[in-house]
Amino acid sequence: MTIQLPVTTPLIELRHVTKTIGDGVETTLVRDISMKIEPGEFVAITGPSGSGKSSLLYLLGLLDVPTSGQVLMQGRPVPADSETERARLRLKLLGFVFQFHFLLVEFSALTNVMLPMRALGERSERAMKDRAMKLLTSLGLEAHAHKLPGQLSGGQRQRVAIARALANEPQVILADEPTGNLDSASSEQVLAVLRQLVDETKRSVVMVTHDLALAARADRHVRIVDGRLID
Amino acid sequence: MNLVLDIALTHVRSRLRQTLVGLMGVAMGVGFSVMMAGLMEGSQRDFVTQLVDALPHITMSDERREPPRQPAEDHYQVVAFSGLSTMATRPGIKNPYAIIASLDSWLEGAVAPSVQARAVIRYASRDTAANVTGIDPKREAAVSKLPEQLRQGTLKDLYRSSNAIILGDRLAEKIGARVGNTIAVVSSTGRVLTCTVVALLHSGISQTDETQAFTLIKTAQILAGQTGIVNAMRIRVADIMAARDIAGRIEAQTGYKSVSWQEANEDLLSALEIRNFIMYTVVGAILLVASFGTYNIISTITHEKTRDIAILKSLGFTEGTVRSIFLLEALIIGIAGTLLGWVLGFALCQALGTLEFKSPFMDATRLPMYYSPVHYALAGLVALTASAIAGYLPARKAASVHPVEIIRGAS
Ligand SMILES: Nc1ncnc2c1ncn2[C@@H]1O[C@H](COP(=O)(O)OP(=O)(O)OP(=O)(O)O)[C@@H](O)[C@H]1O
Ligand SMILES: [Mg+2]
């Protein structure tokens with residue numbers, strides 16, 4: 001008989017993760033960081049420019065692999081040697097929002113949102129379209145679903161990018177300065193969407209920002225200086 | 001629609017002009033390959049058909065491969081003799097109808113005898129030299145195209161009068177003779193035969209039409225001064241590829257030199273093989289060059305779409321999926337180019353097939369085009385393989401893009 005411990009498994013866990021790049025002249029981006037992202041948690045990462053915030057986010061998001069240390073997804077170690085396996089985990093469990101919208105410019109907002117669903121291939125075309133439309137509507141974009149990214153404002157594009165990040169119902173949204181290019185009204189809108197996601201659907205959000213006012217509205221605030229976490 | 005196909009088509013459309021140029025390159029490659037193959041195989045088949053159809057498959061002549069043994073050689077076995085005077089043997093195949101009867105008993109095909117004589121033909125005080133060939137009308141049709149080449153008469157007309165003759169149409173024109181006229185044929189020994197023209201021959205080859213005349217065997221034998229002997233047996237066989245073996249068997253049986261069409265044209269046939277090799281090399285080179293264009297386009301697209309590739313990979317697209325997008329783009333160009341190339345190739349073949357070539361020595365001829373699905377399949381296969389390789393190389397490079405580098409650079 002197994003005893004169920006009343007402990008939740010962290011969605012993402014870093015154990016003594018260090019990332020160095022360059023052969024010859026080495027640069028350390030991230031130094032010996034251990035941290036956990038729990039379900040239903042809104043974490044803000046702040047720090048000076050060049051301190052390694054983005055690098056940390058790429059490690060959390062399995063876009064990059066550590067030089068040493070270990071990354072665990074839902075308690076399971078992530079294989080460092082299988083890009084295919086990491087791609088699968090990203091597709092199913094993670095969603096990204098960057099400072100730059102990173103939409104495919106030849107496809108409509110709706111098609112962009114459908115991309116991850118089509119890559120996963122678990123829904124019918126009809127269901128994918130319905131879900132994409134629903135996501136866009138919830139972000140106030142129902143009137144812009146069939147527009148190309150070039151025909152949208154910066155804030156609208158960023159919301160499309162969020163809709164796309166949410167397409168496969170990921171466990172964690174990783175956002176790198178999602179409001180960096182936006183005016184205060186649009187920033188407010190984007191933040192409200194992320195906040196709502198955590199509060200209403202118990203998803204987790206990890207947001208990199210240099211705006212301390214935004215960071216203050218997160219559940220937890222992590223600071224990084226020169227590649228190290230400071231409490 | 002399939003996601004990979006969807007993205008591939010979008011990329012291809014975003015570079016429409018370049019894509020069309022690349023597609024035209026493939027189409028030209030395939031088109032010219034099909035045309036070349038059609039022309040080459042057409043002329044080769046035409047050539048072989050002319051060899052095989054116009055000429056007998058096996059010719060038995062009154063020569064022997066080895067000189068007949070001298071009685072002295074039989075007598076003194078150790079010494080070789082030179083300068084012996086030959087026995088006075090008359091040239092020619094003896095007992096032709098006995099040989100024909102024995103060949104008929106096993107040969108799948110037909111045998112016809114012929115006699116050669118040189119003569120001068122005279123009509124209304126104009127004369128001209130001619131080759132008179134004596135034939136057996138009943139057997140001739142089975143070994144040559146002569147019956148179809150006759151004008152104003154048939155082979156059977158040779159039986160109509162005692163010395164009937166068929167003249168080449170140019171020869172008749174030269175001396176002013178027509179069907180029904182009586183002409184004089186003078187043999188090399190000075191014998192004069194009076195013959196009636198019963199038909200004219202038009203083979204289309206001016207050399208033949210200017211010098212040939214046909215009579216019955218016995219008439220030609222009188223002109224040649226030899227009775228009971230023929231100069232050649234022409235043999236057609238049902239299976240032309242077996243001609244070489246059959247010739248060997250006939251020669252062994254009769255002792256007369258029998259040459260198959262393959263043996264007679266050995267050097268020509270090997271020249272055809274070299275020609276085919278050259279053709280396939282050129283066609284391969286054309287298609288290879290066409291694939292450079294495809295490589296260029298796919299490389300350009302992958303460079304332009306590096307950011308898209310990084311996005312797709314960050315979303316969770318695998319390297320394999322990204323690779324297949326660009327591979328598919330190359331194949332789209334390859335397939336569309338091949339289809340267009342087939343149409344182009346067919347049109348070129350048709351156009352070449354209608355061209356008429358006029359020659360003073362021959363009837364006007366058209367280029368012999370040969371249509372075979374094999375040419376289309378082969379050109380398509382090579383073009384698609386080349387496209388796939390041309391697409392795979394940049395696709396592999398594109399798929400290995402590290403998304404972090406791009407995302408960092410763009411943020
Ligand atoms: N390819 C690279 N080669 C050398 N140094 C690099 C490379 N990429 C990043 N760095 C360095 O690594 C450090 C961390 O970079 P990172 O992008 O993580 O910082 P950041 O905290 O996100 O900065 P910002 O707030 O400006 O986005 C920086 O000092 C940067 O200069
Ligand atoms: Mg950064």
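The values are calculated or read from the model by the stated rules, or taken from the named source; none is laboratory data. What you are looking at is a predicted structure, and each value in this text was computed from that prediction instead of being measured. All Cβ positions, glycine included, derive from the backbone under ideal geometry; neighbour counts span all protein chains shown. Protein only, heavy atoms only, side chains kept; ligands, DNA and RNA dropped before computing areas. Shrake-Rupley method; radii C 1.70, N 1.55, O 1.52, S 1.80 Å.
Observations on the structure shown:
- Residue list for segment B:160-209, filter: open to solvent by less than 20 Å² (accessible area, probe 1.4 Å) and in a loop (DSSP other than H, G, I, E, B): B:Ala177, B:Gly204
- For segment A:159-216, a residue qualifies if it is over 13 Å from the mean Cα position of the chain (by Cα), of a type in the set (Val, Ile, Thr) and part of a helix (DSSP H, G or I), and the qualifying residues are A:Val160, A:Val190, A:Val193, A:Thr201.
- For B:Ile332, the test of being in contact with a helix residue (DSSP H, G or I) (Cβ under 9 Å, 6 or more places away or on another chain), away from ligand 1 (no atom under 16 Å from the Cβ) and farther than 19 Å from B:Met35 by Cβ is passed.
- Screening segment A:54-155 for helices (runs of 4 or more DSSP H) wholly inside it with 2 or more residues that are more than 16 Å from the chain's Cα centre (by Cα) and more than 11 Å from chain B (Cβ to nearest Cβ) returns the ranges A:109-120, A:125-138.
- The condition of being touching a residue at least 24 places away in the same chain (Cβ under 8 Å), within 30 Å of A:Arg88 (Cβ to Cβ) and either part of a helix (DSSP H, G or I) or basic (Lys, Arg) (or both) holds for only one of B:Leu328, B:Leu344, that being B:Leu328.
- Test: residue in segment B:371-394 that is away from ligand 2 (no atom under 16 Å from the Cβ), part of a loop (DSSP other than H, G, I, E, B) and open to solvent by 80 Å² or more (accessible area, probe 1.4 Å): yes
- Enumeration of residues in segment B:314-326 that are more than 7 Å from chain A (Cβ to nearest Cβ) and crowded, with 24+ Cβ neighbours inside 10 Å: B:Val322, B:Ile325, B:Phe326
- Flag for A:Gly47 being away from chain B (no Cβ under 14 Å) and over 24 Å from A:Leu197 (Cα atoms): yes
- Any hit, segment B:351-360, residues being farther than 23 Å from B:Val282 by Cα, touching a residue at least 40 places away in the same chain (Cβ under 8 Å) and within 14 Å of another protein chain (Cβ to nearest Cβ): no
- Within segment B:99-115, the residues that satisfy the criterion of being part of a helix (DSSP H, G or I) and open to solvent by 10 Å² or more (accessible area, probe 1.4 Å) are B:Ile99, B:Ala101, B:Ser102, B:Asp104, B:Ser105, B:Trp106.
- Count of residues meeting criterion [in contact with a Gly (Cβ under 6 Å, 6 or more places away or on another chain) and crowded, with 21+ Cβ neighbours inside 10 Å] in segment A:205-231: 2
- Enumeration of residues in segment A:33-73 that are open to solvent by less than 20 Å² (accessible area, probe 1.4 Å), over 17 Å from A:Ala218 (Cβ atoms) and in contact with a His (Cβ under 8 Å, 6 or more places away or on another chain): A:Ile33
- Taken together, the criteria place B:Ile311 among residues that are within 14 Å of another protein chain (Cβ to nearest Cβ), buried (at least 18 other Cβ atoms within 10 Å of the Cβ) and away from ligand 2 (no atom under 16 Å from the Cβ).
- Criterion: open to solvent by 40 Å² or more (accessible area, probe 1.4 Å) and of a type outside the set (Ser, Thr, Tyr) - qualifying residue of A:Arg123, A:Arg90: A:Arg123
- Positions within segment B:395-411 being more than 16 Å from ligand 2 (Cβ to nearest atom) and either under 21 Å from B:Gly337 (Cβ atoms) or part of a helix (DSSP H, G or I) (or both), in sequence order: B:Ala395, B:Arg396, B:Lys397, B:Ala398, B:Ala399
- For A:Leu11, the conditions (1) within 14 Å of another protein chain (Cβ to nearest Cβ); (2) at pLDDT 90 or above are fulfilled apart from (1).
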